[in-house]
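Only the coordinates and a few stated rules stand behind these numbers; no lab work does. Every value quoted in this text rests on a predicted model; they were computed, and no experiment measured them. Glycine gets a Cβ as well: all are built from the backbone with ideal geometry, and neighbour counts include every protein chain shown.
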Amino acid sequence: MADFNPTPTQIDPDEGDEIAQPNTRRRVIIAVVVAVLVLVAVGLWWHSTYTEDTDDAQINGHLIQVSARVAGQVAKVYVEENQVVKAGDVIAELDPSDYKVAVENAEAALASAQANAAAANVNVPITTVNTGSNLRAADANVSGSQAGVGQAEKQLDAAHARVTQAQANYTKAQADLERYKPLVEKDVISKQQFDAAVAAADATKAAVADARANEQAAVDGVKVALEREAQAQAGLKYAQTGPEQVVAQSARAKQAEAQVQQAQAQLDMAKLNLSYTRIVAPTAGIITRKSVEINQNVAPGQNLLMLVSLEGLWVTANFKETQLRHMFAGQAVEIDVDSTGKTYHGKVTQIGGATGSVLSLFPPENATGNYVKVVQRVPVRIDFNDLAGEDPSHELRPGLSVEPKVRVK
């Protein structure tokens, strides 16, 4: 039997490459899938370990109720619904006629008060000079009246002396007359000598009457001098009140100055009320809920429209209580906004003081026994780092939904 030597099978090189390629591709796919799974796992681990996020969040802002500060009739309206305004833009104007009249009245009252104050201030030095002069004059009057009293008393003493002298002369004349009567009857003396004695007696009697009249005049002169002295003393006492008069005039001057200040305050208030007839936007924003119309009568505090401020926005995110373990103020936050598709940056500013359920209108009553544990949510405030730089065109609006991611580690 012949030896059988089979010839080895010939393998085509191209066929071998085709078999190797599927194996390599499979390995690559498996490696890619494994890498993706690893990356996903790492991402999930990283996300769960280093960040906390929530989709229960929205942008909040200031909603400003623009109202009238004075009463009046609307004369002009410059805005429309959903119009963008800047801070200081005029929204509406009220009829300013009444307030212009009030300003004019206040200006007139201020001018009158200033004139009164000027006059009162001028009277202060005048009163000071007059009271000083009056005091010196009163002192001089007192001294003069006292000297007059002394002089009148001396004149009274002299009148007393003259009365005494006249009375003595009259007594002597009467005695002489009595001695002459028997002598004339006996013709010892002549009738002429007796008549001379009678005349002398009558003359001394008249001298006594004149002396007594002068004495009475001197008494009256003393009374007049005393009355003048009393008047001078009263004038002196009044003049001595000069400092008090100066103080009183100074007080009146200060009162007049206070009235000037009061009139100035009333003028400032009138001007302020006049300025309130121009209702302006307190900040930049968008006009909403406009209810003001021309010829409408408005009252102080009446709401005219809502101004949605586009500045100072922030995010209120309601995180689960289980997410707050490592969260605190100052942590960096990435904020994804649904409406713009952009990511903004911010930081945690405040963590709420209570859960949303406690702050709700009807807090849950857990004391009934029907208690089911529910994970509570706590509001967290997040402020934007650079809102003006990241949102220059004011695309963000209060109420938009966002998804913040807080870097907790």
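For region 303-345, which trypsin sites (Lys or Arg not before Pro) pass both filters: DSSP loop (anything but H, G, I, E, B) and at most 11 other C-beta atoms within 10 Å?
Sites meeting the loop and neighbour criteria: ARG325.
If I model a spin label as a point 7 Å beyond the Cα along the Cα-Cβ vector, how far apart are those points for GLU153 and LYS186 in nm?
Inter-label distance under the simple model: 5.4 nm.
Compute for region 296-409: radius of gyration divided by Kirkwood radius, i.e. Rg/Rh, restricted to C-alpha atoms, rounded to two decimals.
That ratio is 1.09, to two decimals.
Between THR343, THR171, THR316, which gets the highest mean-square fluctuation from a Gaussian network model of the chain, Cα cutoff 10 Å?
Maximum among the listed residues: THR171.
Compute the FRET efficiency between ASP210 and GLU244 as 1/(1 + (r/R0)^6), taking r as their Cβ-Cβ distance and R0 = 45 Å, and round to the nearest 0.05.
0.30
Going highest first, how would you order 351-359, 107-115 by mean Cβ packing within 10 Å?
Going from most to least packed, we get 107-115, 351-359.
What does the charge count around ALA140 come to, taking other residues whose C-beta lies under 14 Å from its C-beta (Lys +1, Arg +1, Asp -1, Glu -1)?
Result for the local shell: 0.
Can you list the HN-Hα couplings for region 72-82, worked out from phi with the Karplus curve (6.51, -1.76, 1.60; θ = phi - 60°), rounded to whole Hz and with x for Gly and Pro?
x, 9, 5, 9, 9, 10, 10, 10, 10, 4, 6
How far is it, in nm, from the label point at GLN231 to the one at ALA258 when both lie 7 Å from their Cα along the line to the Cβ?
Roughly 4.0 nm, to one decimal.
For LYS347, put the label point 7 Å out on the Cα→Cβ axis and report which residues of region 296-334 keep their amide N under 12 Å from it.
329-333
Excluding LYS290 itself, calculate the net charge of residues whose Cβ lies under 10 Å from the Cβ of LYS290, where each Lys or Arg counts +1 and each Asp or Glu counts -1.
Here the charged neighbours net out to -2.
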